[in-house]
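Participant: My questions all concern the structure below.
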Amino acid sequence: MIQTQTAEIYAKALLKQQHISLEEAQQCQALLREHTVLFDSLCSPAISKREKHKLIFRVFDGTIAHFLDVLSKRDRMPEVFAILEAFETLYWEKEGVGSAVLYYVQMPEEAQLEAIRNMLCKKEGKRQMRLELREDPSLIGGIVIQCGNRRYDRSVKNSIAMLRGRLIQGVRT
C-alpha cells in the first residue's frame with residue numbers, strides 16, 4: 001500500500017507519543033480487515049461521531065481506542081490501514097529490521113532465502129531483514145526483490161526485455 005504523508009505523520013505520533021505496541025497495531029488492523037461491517041461503519045458519514053465513539057470504545061480499549069477515536073473525529077478512519085502499515089514500517093526501522101518483497105515463480109529454498117536476507121542486510125545496512133513472499137508467474141523464472149525504492153530484478157522476463165532492447169539497438173545501428 002502506498003503511504004501518504006498524513007499516514008506517516010500519524011504513524012510517527014503513534015510510535016513516539018502513544019507507545020502502542022506492534023501487537024496492538026497488528027491486532028487492530030486484523031480486526032478491522034476481518035470485520036468489514038465494523039470498518040465501513042467507522043468510515044460512514046451517515047453514522048454520527050458520537051455513535052462511532054461509542055462503537056470504538058465498545059470494541060477496542062486502551063490507547064488503540066483513543067487513537068481510533070481521534071481518527072474518527074478527524075474523518076481519517078479510511079486511512080487507518082495506511083497509518084498502521086506506516087507504523088509497522090517505522091517500528092521495524094527503529095529495531096534495525098528492514099523489509100522487502102520477494103517475487104518468485106518457484107519458491108526459493110530456505111538456504112536461498114537466508115542468502116537473500118544476508119545480501120539485503122549488507123546492502124541496506126540492517127541487522128535483520130523480513131521478507132514478504134509473493135508468487136508471480138509472469139516473471140517466467142528467477143526473482144525480483146523490491147526493497148524500499150530499490151528493485152533487484154533477476155527475472156527471466158527482465159532478461160528477455162533487456163536482450164530484446166539490445167537486439168533492437170543493434171538493428172538500428
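The values are calculated or read from the model by the stated rules, or taken from the named source; none is laboratory data. Treat the numbers as computed from the prediction; the structure is a model and nothing was measured. Every residue, glycine as well, gets a Cβ built from its backbone with ideal geometry; the counts of neighbours run over all protein chains shown. Ligands, DNA and RNA are excluded from the accessible area calculation, which covers all protein heavy atoms including side chains. Shrake-Rupley method; radii C 1.70, N 1.55, O 1.52, S 1.80 Å.
Participant: Going by the alpha-carbon gyration tensor, a ≥ b ≥ c the square roots of its eigenvalues, is the range 66-149 rounded (a/c under 1.5) or, if a/c is not under 1.5, prolate (a/b greater than b/c) versus oblate?
Facilitator: Values: a/c = 3.62, a/b = 1.82, b/c = 1.99.
Oblate.
Participant: Taking the solvent-accessible surface of protein heavy atoms with a 1.4 Å probe, what is the per residue accessible area of the chain in Å²? Write down the numbers at each step before the final one.
Facilitator: Values: 11120 Å² over 173 residues.
Result: 64 Å² per residue.
Participant: Oh, and also: How large, in percent, is the carbon and sulfur part of the accessible surface of the range 78-141 at a probe radius of 1.4 Å?
Facilitator: Details: 1720 of 3610 Å².
That share works out to 48 percent.
Participant: For K54, go through the aspartates and glutamates and keep the ones whose alpha-carbon is under 13 Å away, minus same-chain ones fewer than eight residues off.
Facilitator: Candidates past the 8-residue exclusion: D69.
Participant: Still on this structure, please answer the following. Take the alpha carbon atoms of the range 113-129, find their center, do the same for the range 37-65, and report the distance between the two centers in whole angstrom.
Facilitator: 40 Å
Participant: Still on this structure: For S159 and K122 in one chain, what is 0.36 nm times their gap in residues minus the Cα-Cα distance, to one decimal in nm? Let's see the in-between values first.
Facilitator: On the way: separation 37, 0.36 × 37 = 13.32 nm, distance 2.49 nm.
Full extension of this stretch gives 10.8 nm more.
Participant: State, to one decimal in nm, how far the label point of A30 lies from the label point of A13, with both points 7 Å from Cα in the Cβ direction.
Facilitator: 2.7 nm
Participant: Further, regarding this structure: With n ≥ 4 as the cut-off for DSSP H runs, can you work out [θ] at 222 nm for the chain, using -39500 (n - 2.57) per run divided by the number of residues, rounded to the nearest 500? Intermediate results must be reported in sequence, preceding the final value.
Facilitator: Details: 8 runs with 100 residues, N = 173.
It comes out at -18000 deg cm²/dmol, rounded to the nearest 500.
Participant: Still on this structure, I have one more. Run the reach check for K157 against aspartates and glutamates, Cα to Cα strictly under 19 Å, same-chain hits fewer than 8 apart removed. What comes back?
Facilitator: E135, D136
Participant: I'd like the accessible area for L68, computed on protein heavy atoms only with a 1.4 Å probe and all protein chains in place. Round to 10 Å², please.
Facilitator: Counting only protein heavy atoms, L68 exposes about 0 Å² to solvent.
Participant: Can I ask one more? To the nearest 20 Debye, how big is the dipole of the range 3-81 about its Cα centre, given +1 on the beta carbon of each Lys and Arg and -1 on that of each Asp and Glu? Could the numbers behind the result be given before it?
Facilitator: Working: 11 positive and 10 negative charges, 66 e Å.
That gives a dipole near 320 debye.
Participant: In addition: Which residue, Y103, Y152, Y91, tops the fluctuation ranking in a GNM of the chain built on C-alpha contacts under 10 Å?
Facilitator: Y152
Participant: Something else about it: Ordering D69, D136 by how much accessible area each has at a 1.4 Å probe, largest first, what is the list?
Facilitator: D136, D69
Participant: State, as an integer percentage, the relative contact order of the range 63-131 based on alpha-carbon contacts under 8 Å between residues 6 or more apart.
Facilitator: On the way: 39 pairs, mean separation 21.4, N = 69.
The normalised contact order for the range 63-131 reaches 31 percent.
Participant: Further question: In Å³ and rounded to a whole number, note down the convex hull volume per residue for the Cα atoms of the range 27-173. Display every interim value, and only then the final one.
Facilitator: Values: hull volume 27.3 nm³, N = 147.
Residue-normalised Cα hull volume stands at 186 Å³.
Participant: Okay, moving on. If you put +1 on each Lys and Arg Cβ and -1 on each Asp and Glu Cβ, how big is the dipole of the chain around its Cα centre, in Debye rounded to 20?
Facilitator: My answer is approximately 720 debye.
Participant: May I ask you to list the lysines whose Cα is less than 20 Å away from that of K123, ignoring any residue fewer than eight positions away on the same chain?
Facilitator: Partners within reach: K94.
Participant: Out of the DSSP beta bridges found with both residues in the chain, what percent are antiparallel (nearest 5)? Working shown, then result.
Facilitator: Working: 10 of 18 bridges.
Close to 55 percent.
Participant: Of M162, V101, L32, which is farthest on the positive side of the dipole of the chain, counting Cα position, with +1 on Lys and Arg Cβ, -1 on Asp and Glu Cβ, and the Cα centre as origin?
Facilitator: Checked the options; the winner is M162.
Participant: Could you work out which residue, out of E109, E93, E23, moves most in a Gaussian network model of the chain, that is, has the largest mean-square fluctuation with Cα springs under 10 Å?
Facilitator: E109
Participant: What do you get for the angle between helix 156-172 and the principal long axis of the chain? Use alpha-carbon atoms, 0 to 90 degrees, nearest ten.
Facilitator: 50 degrees
Participant: Need one word for the range 78-123: rounded, prolate or oblate. Basis is the Cα gyration tensor (sqrt eigenvalues a ≥ b ≥ c); a/c below 1.5 gives rounded, then a/b vs b/c decides.
Facilitator: On the way: a/c = 3.91, a/b = 1.68, b/c = 2.33.
Oblate.
Participant: Relative contact order (percent) for the chain, with alpha-carbon contacts under 8 angstrom and 6 or more residues of separation?
Facilitator: Values: 182 pairs, mean separation 35.0, N = 173.
After rounding, I find 20 percent.
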